[in-house]
Amino acid sequence: MSTHIETDCVIVGGGPAGLMTALLLLRQGLAVTVVEKHADFLRDFRGDTIHPSTQELLGELGILDEFLTRPHADMARVSLSWHGTELTLADFSRLPTRRRVMTFMPQWDFLDLLADSATRHPGFRLLRKTRIDDLIRDGGSADGRVVGVTGTGPDGDVIVRARLVIDASGRDSEVRAAAGLTPVGSAAAMDVLWFRLAKHAGETYPFVQAGAGMIITIDRGDFFQIAHVIPAGTWHGTDADLASMQDRIGRISPRMADAATAVTIDDVHLLRVRLERLRRWFTDGMLCLGDSAHAMSPAGGVGINLAIQDAVAAARILGPVLRDGDPTTSDLRRVQRRRAWPTRITQFVQRRLQGPLIASREADAPLPLPLRLLRDHPRLTHLTGRFVGIGARPERLDLT
Ligand SMILES: Cc1cc2nc3c(=O)[nH]c(=O)nc-3n(C[C@H](O)[C@H](O)[C@H](O)COP(=O)(O)OP(=O)(O)OC[C@H]3O[C@@H](n4cnc5c(N)ncnc54)[C@H](O)[C@@H]3O)c2cc1C
């Protein structure tokens, strides 16, 4: 059996970029099908930070109250302990937004909220457990306009034809490859180890702790989710790697030492950090958004925010075009022009941050210059708060 769908826009990938773009196009009266290869959004070790600007958008969409009913924790400023010196990295308290906090919410709860909101629109379809692996080209020729996608779902072949294909299927996108779009960039200087750590009632830690390396601690209520920054290529998953990681955790944060000894190799997930972006985000009939267009480093936790901002720009520019006809390559180029600059700026800052992140491993590592500036001029923490919390080029909704 095969499934055939005709729609205004098909979006490959039900992540933050895909679901937000869907919701914003649906609100403009368009029909949208989102295709997601997983059965649910329940994936661990993904971005969890919902920035003030994203919450502002949720407010404009009338779903902020619903968002706040889901499990979350707020953070008004990002704190750092550098070899025992405490300082603030970013302060959100003066942002011109209705919520002046960074909110941690498991990504699956956030995606459920977006999918639930999209479901209220009649033109929405979400095909789960469906993997897209190819494009349909006009006239069947290799360089024809992209007019749909094909893949496999629980009931067999899936064919979705649309006037616009959006690829929001993340940093390893197969769809992007099928379109012949290849990102440029490189592996970053650092990798990140993710694992859970047992938590005792009432136990707290600074968000970032630097000593014999760096630990970022996300309080998930009954456990801690830890991100441990290591130089790229130094984790091979051996017993020796594990023992040296446990030793480092104990030296960075002695109170964590006991819990760290319970971590096994199977508990540790390696994220190979990549900083990449497409030179051209589109081909005729298809546009890449979010991580598919630009894989970000987790530094600053801005990946979701950028993906959401891409979605807002794309829906604002392309929604009206889709209501009248088929988007042209110059319409798609307008989205790239709008979003390429904040992507470049953010990646530039992330690249600069890698040095201090790695340098923190040295026992006598002096406080790096940017951190000294933040310590000596606390007002700057409002600027960093703005950059992290709102981003380089915040997008306005302005949907007609
Ligand atoms: C370990 C880790 C930690 C991170 N931490 C943070 C953080 O703290 N804060 C932050 O802001 N960002 C963080 N990020 C980055 C953030 O998760 C991403 O930038 C963000 O999720 C990008 O959103 P997206 O919608 O573009 O892509 P994704 O979230 O990657 O979503 C892509 C979706 O497409 C689906 N898909 C893929 N291929 C196909 C296919 N062929 N057919 C159908 N569906 C497909 C996937 O299942 C997925 O649901 C982290 C990333 C990782 C990996």
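The values are calculated or read from the model by the stated rules, or taken from the named source; none is laboratory data. Source: prediction; values computed, not measured. Methodologically, a virtual Cβ is constructed for each residue, glycine included, from the backbone with ideal geometry; neighbour enumeration extends over all protein chains shown.
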Worksheet entry | Scope the range 335-348; condition within 17 Å of ASP284 (Cα to Cα) and buried (at least 19 other Cβ atoms within 10 Å of the Cβ); matching residues | VAL335, GLN336
Discussion item. Looking at ALA260 and the list (1) more than 30 Å from ARG337 (Cβ to Cβ); (2) modelled with pLDDT under 95; (3) surrounded by 17 or more Cβ atoms within 10 Å (Cβ to Cβ), which single condition is not satisfied?
Written reply: (2)
Discussion item. Residues that are closer than 30 Å to THR103 by Cβ, touching a residue at least 24 places away in the same chain (Cβ under 8 Å) and not in a loop (DSSP other than H, G, I, E, B): does the range 229-239 have at least one?
Written reply: yes
Response to the item:
SER141 passes all but one of the listed conditions (1) in contact with a helix residue (DSSP H, G or I) (Cβ under 7 Å, 6 or more places away or on another chain); (2) more than 25 Å from SER53 (Cβ to Cβ); (3) not aliphatic (A, V, I, L, M); the exception is number (1)
Response to the item:
Among strands (runs of 3 or more DSSP E) entirely within the range 40-110, at least 1 residues that are within 22 Å of THR217 (Cα to Cα) and among the small types (Gly, Ala, Ser) occur in 73-75, 77-82, 85-91
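Residues checked against (1) within 16 Å of the ligand (Cβ to nearest atom); (2) within 19 Å of ALA22 (Cβ to Cβ); (3) within 26 Å of the chain's Cα centre (by Cα):
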site: ASP134; (1), (2), (3): yes, no, yes
site: GLY139; (1), (2), (3): no, no, no
site: VAL149; (1), (2), (3): yes, yes, yes
site: GLY153; (1), (2), (3): yes, yes, yes
site: ARG161; (1), (2), (3): no, yes, no
site: ARG171; (1), (2), (3): yes, no, yes
site: ARG176; (1), (2), (3): yes, yes, yes
site: LEU181; (1), (2), (3): yes, no, yes
site: GLY202; (1), (2), (3): no, no, no
Worksheet, complete the sentence: Checked pairs for the range 147-162, first closer than 20 Å to ALA179 by Cα, second in a strand (DSSP E or B) and hydroxyl-bearing (Ser, Thr, Tyr), C-beta under 6 Å and 6 or more apart or across chains, list as VAL158/THR3; ILE159/THR150; VAL160/THR33; ALA162/THR7
Item to complete: Only one of these is out of contact with any His (no Cβ under 9 Å at 6 or more places or on another chain) and either away from the ligand (no atom under 16 Å from the Cβ) or in contact (Cβ under 8 Å) with a residue 40 or more places away in the chain (or both): PRO106, PRO52. Name it.
Response: PRO52
Discussion item. With the structure loaded, tell me whether ASP310 is modelled with pLDDT of 95 or more, of a type in the set (Asp, Glu) and within 14 Å of the chain's Cα centre (by Cα) or whether it fails that test.
Written reply: yes
Worksheet item: Among LEU306, LEU318, LEU322, which is aliphatic (A, V, I, L, M), surrounded by 22 or more Cβ atoms within 10 Å (Cβ to Cβ) and touching a strand residue (DSSP E or B) at 6+ places or on another chain (Cβ under 6 Å)?
Response: LEU322
Fill in: Residue selected from the range 1-49 under the condition under 30 Å from ASP398 (Cα atoms) and of a type in the set (Ser, Thr, Tyr), by the criterion farthest from the ligand (Cβ to nearest atom)
THR7
Discussion item. Within 15 Å of the ligand (Cβ to nearest atom) and more than 27 Å from ILE390 (Cβ to Cβ): is that true of ALA118 in this structure?
Written reply: no
Worksheet item: Within the range 264-293, can you find the residues that are away from the ligand (no atom under 15 Å from the Cβ), in a loop (DSSP other than H, G, I, E, B) and buried (at least 21 other Cβ atoms within 10 Å of the Cβ)?
Response: GLY285
Item to complete: Could you tell me whether PHE124 is under 16 Å from VAL12 (Cα atoms), buried (at least 20 other Cβ atoms within 10 Å of the Cβ) and in contact (Cβ under 8 Å) with a residue 24 or more places away in the chain?
Response: yes
